[in-house]
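K.L.:
Pasting a structure here, questions to come.
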Amino acid sequence: MARVCAGAQNACLSRRKNTMGTMDRTGAWTGWALLAAIVAMQLPLILNPGYYSHDELQWAAFADQGVSIRSLWAQVDAFQYRPVTFSLWVGMSSLMFDRPPLFHGVMVVWGGLNAVMLARLMIRLGVGAKAAAVGAIAFAMSAFAVQTHGWAGTLADLIWVSCALIVGLFATADRRPWQVVAAAAILTAIGLLSKESAIVIPALAALGWLFLGRGRGWGSATIGASIPTAIYLALRLNVILFSPREAANYEWSFALIPLRWLEYQLFPPLATRAAITGLLPGSATEPRVLVAAVLWLALAWTFWRAGARWLCAFLLVGGAALGPVLVLAESANQYGYGFAAVVAGLGAAAWSRVGRGGRIVLVLCAVLSVWHGVNVMRRMHEVGTIQSRFSPAVANVLEDASAYPVRIRAADVGQHWIYLRLTHDIPQYRGVPIGDRVQLVASDAPADYVIAKDGTLSPAK
């Protein structure tokens, strides 16, 4: 009899292992399919022949000049102490700057992997595979994510959100508490050394514990993430709050929190607006902003319909994902990257609980958000195409110039902002010194060269 029972038990365990193995293989293939779909949808970002802003051009120059990686780690008192991000950026620029599609391809695949991890996390939390996949795509194709995946200057956001998602995966895995604590501590430390926004990881883990049954995994993740965060704040809080700012957009005030929070809520359905910066209060009375406010109220009602805890999670977890960026003088698309992951994940999780009316709201919000992301993707490809012509043209003009600064102006006043970014504090471009040897002037001012709409230069008449 004992042998029979033992045999039956072994057979049961064997079937369970086989089933789990099949599920793991199915999950792996689903993950690869989801990654392939996101990469295909973001091909315009990968095929971008140039770059979006000054950040990429600056770090390419630093890489050419042989910036010391050791110095990046030693500058502990710097306002932006991001040695992981900056070290990786230097390496990637050295290897890939002259091949923009390769650089962009790495960014897009990385962003796609973040979306796959979000889907995997949702499935572990009981969300259906189809809903999780759609939620992950809605996240990856949002305006917040598209700009993060398409702009090399947002590498830090990719890193810290990756760390947060992996912490979530450890919290929901069948791991011993000390393993979760150690993993959360290491990942949070990496996130903090990549961007200050990673200070929100302990809060996100704590909210996971609060809303997801107060499980041991989330509790361990909260403890682990809190340790490096406390050390980081003890060493860096004074620098972050009171050191001189490199730009006015980094000025901060607690009084800005309501305005900033509202901007991130209203921005996703504004499909024809490229950037969140300056949305409020300037555009508060625009009809499309009022429509966005109605849609947000409908989305809040949808989560309320799923249950009061769902609405609380929508407000609290979304707010926690934004965290410190809410006190800044300006909003930015990439600052909402973690927020987009939270809202997309909650929307997918609520799908089976909200009824027909709630599903209509979720679909409408997702469609508008994806349309918004497509429009942002188109703009980024356009700017990159312009940069691929403009920067070499500027370098050629400066090589031949006999007097400096060379004054340039945009033929299209609507493109002035593009060249303002592409000429801001660029040390050199492919060995040609730039700096203050070129001056961008107003579109109606006297200039030596005129910038055509395609980014090329011609002598001013």
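K.L.:
Given the DSSP H assignment, sum -39500 (n - 2.57) over each helix run of at least 4 residues in the chain and divide by its residue total; what's the result at 222 nm in deg cm²/dmol, nearest 500?
P.N.:
-22000 deg cm²/dmol
K.L.:
Does a label point 7 Å from the Cα of R353, set along Cα-to-beta-carbon, have any residues of segment 122-159 with amide nitrogen under 13 Å, and which are they?
P.N.:
Only 125-128 fall inside the zone, counting backbone N under 13 Å.
K.L.:
While we're here: Which percent of Cα-Cα pairs in segment 224-377 sits in each 5 Å bin, short to long?
P.N.:
Going out from 0 Å in 5 Å bins, segment 224-377 shows 2, 9, 16, 19, 20, 14, 9, 7, 3, 1, 0 percent.
K.L.:
If you take the beta carbon distance between K461 and Y404 as r and set R0 to 30 Å, what does 1/(1 + (r/R0)^6) give as a FRET efficiency, to the nearest 0.05?
P.N.:
0.90
K.L.:
Can you say what percent of the DSSP beta bridges in segment 380-459, counting only those with both residues inside, are antiparallel? Round to 5.
P.N.:
Bridges in segment 380-459 that DSSP calls antiparallel: roughly 45 percent.
K.L.:
Still on this structure, please answer the following. Mind checking the per residue accessible area of segment 380-459 for me, 1.4 Å probe, whole number of Å²?
P.N.:
About 48 Å² of surface per residue is accessible.
K.L.:
Show me the ranking of peptides 435-441, 302-308 by mean Cβ neighbours inside 10 Å, starting with the highest.
P.N.:
Going from most to least packed, we get 302-308, 435-441.
K.L.:
Kindly rank 154-160, 76-82 from highest to lowest mean number of other beta carbons found within 10 Å of each residue.
P.N.:
154-160, 76-82
K.L.:
Within the accessible area of the chain, what % is carbon and sulfur when the probe is 1.4 Å and the other protein chains stay in place?
P.N.:
Roughly 65 percent of what the probe reaches on the chain is carbon or sulfur.
K.L.:
State in Å² the accessible area per residue of segment 26-374; use a 1.4 Å probe, count heavy atoms of protein chains only, and round to the nearest integer.
P.N.:
42 Å²
K.L.:
If you don't mind, another one. Under 5 Å between amide hydrogens, which residues at least 5 positions from R407 or on another chain qualify, with H placed 1.01 Å from N in the peptide plane?
P.N.:
Under 5 Å from the amide H of R407 lie the amide H atoms of Q439, D448, Y449, each far enough along the sequence or on another chain.
K.L.:
Still on this structure, please answer the following. Where in segment 356-375 does the amide nitrogen come within less than 16 Å of the point 7 Å from the Cα of W301, taken along Cα to Cβ?
P.N.:
Residues 356-365 qualify, since their backbone N sits under 16 Å from the label point.
K.L.:
Mean Kyte-Doolittle hydropathy of -0.5 or higher plus an axial Cα length of 27 Å or more: which whole DSSP H helices in the chain meet both?
P.N.:
Values: long enough: 2-41 (58 Å, 0.21); 100-124 (36 Å, 1.10); 216-242 (38 Å, 1.00); 287-306 (29 Å, 1.28); 355-400 (67 Å, 0.41).
Span-like helices in the chain: 2-41, 100-124, 216-242, 287-306, 355-400.
K.L.:
Would you calculate the separation in nanometres between label points at A255 and N238, each defined as 7 Å from the Cα along the Cα-to-beta-carbon direction?
P.N.:
Roughly 2.7 nm, to one decimal.
The values are calculated or read from the model by the stated rules, or taken from the named source; none is laboratory data. The structure presented is a predicted model; accordingly, all values stated were derived computationally and were not measured. Reconstructed Cβ throughout: ideal geometry from the backbone, glycine too, with neighbour counts over all protein chains shown. Each accessible area value is taken on the protein alone, full model and side chains, heavy atoms only, with ligands, DNA and RNA left out. Shrake-Rupley method; radii C 1.70, N 1.55, O 1.52, S 1.80 Å.
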